[in-house]
Amino acid sequence: MMKKAARKAKKKTTAKKADKPASVSVQLEGFIANFDAKVGMLIRAVRSALRRRFPTANELVYDNYNFFVIGYCTTERPSDCMVSLAAQAKGVVLSFYYGSTIPDPDKLLQGSGKQNRFIRLESAATLKAPGVEALLKAAVAQAKTPLPASGRGKTIIKSISVKQRPRRSDPGGQP
């Protein structure tokens, strides 16, 4: 009887090892694959541009009910987020976590909440526009914790919602 219980326990342990989660990059690509091809390409391009701009920032990833979000943070805490890429079926925005306190002389920021502001992105090239560059610099300057001077930030999957709004304009459409 004891041997039988030991074998069952061993099988459970072996099964758990086989069921280990996919790598972060595989998970991330799976989240992006849920979007229309055009939106997926924009997400990848913006993420690449933000990763080049903030190589020491941590990417905190949320695949939530309303949005797929990658926040660029000075630490592993969401409250230390400077900017985020936020995507839904309609498109991609650059979200400034503390955007209501950033100087915006060109009136680029949209939104009226107490804290967050955003810019709609048609392409990753929007990030190079002088007004957007100034907003990005201001977001870094107002960060409570400065970006690390060296090293490489981590990509951390923070949450995945089971129930989500459709990620495609035509939910029945093909990838």
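Within the same chain, aspartates and glutamates fewer than 8 places from Lys90 are excluded, and of the rest, those with a Cα less than 15 Å from its Cα are Asp36, Glu122, Asp170. Surface composition of segment 71-111: carbon and sulfur make up 54 percent of the accessible area, probe 1.4 Å. Compactness of segment 21-150 was expressed as the Cα radius of gyration divided by 2.2 N^0.38 Å, which yields 1.00. Using 0.36 nm per residue and subtracting the Cα-Cα separation, the extra length available between Arg51 and Lys114 on full extension is 20.0 nm. The 1.4 Å probe gives accessible areas that order Asp36, Asp106, largest first, as Asp106, Asp36. Distance between the pseudo-spin-label points of Lys38 and Asn66 (7 Å out from Cα toward the beta carbon): 2.4 nm.
Per 0.36 nm of contour for each residue apart, how much would the distance between Thr145 and Ala89 grow if the chain were fully extended, relative to their Cα-Cα spacing?
Contour length minus the Cα-Cα distance gives 16.9 nm.
The values are calculated or read from the model by the stated rules, or taken from the named source; none is laboratory data. As the structure is a prediction and not an experimental result, all values here were calculated from the model. Counting neighbours? That spans all protein chains shown, and the Cβs are built from the backbone with ideal geometry, glycine included. Areas reflect the complete protein model, heavy atoms only, side chains present, ligands, DNA and RNA absent. Shrake-Rupley method; radii C 1.70, N 1.55, O 1.52, S 1.80 Å.
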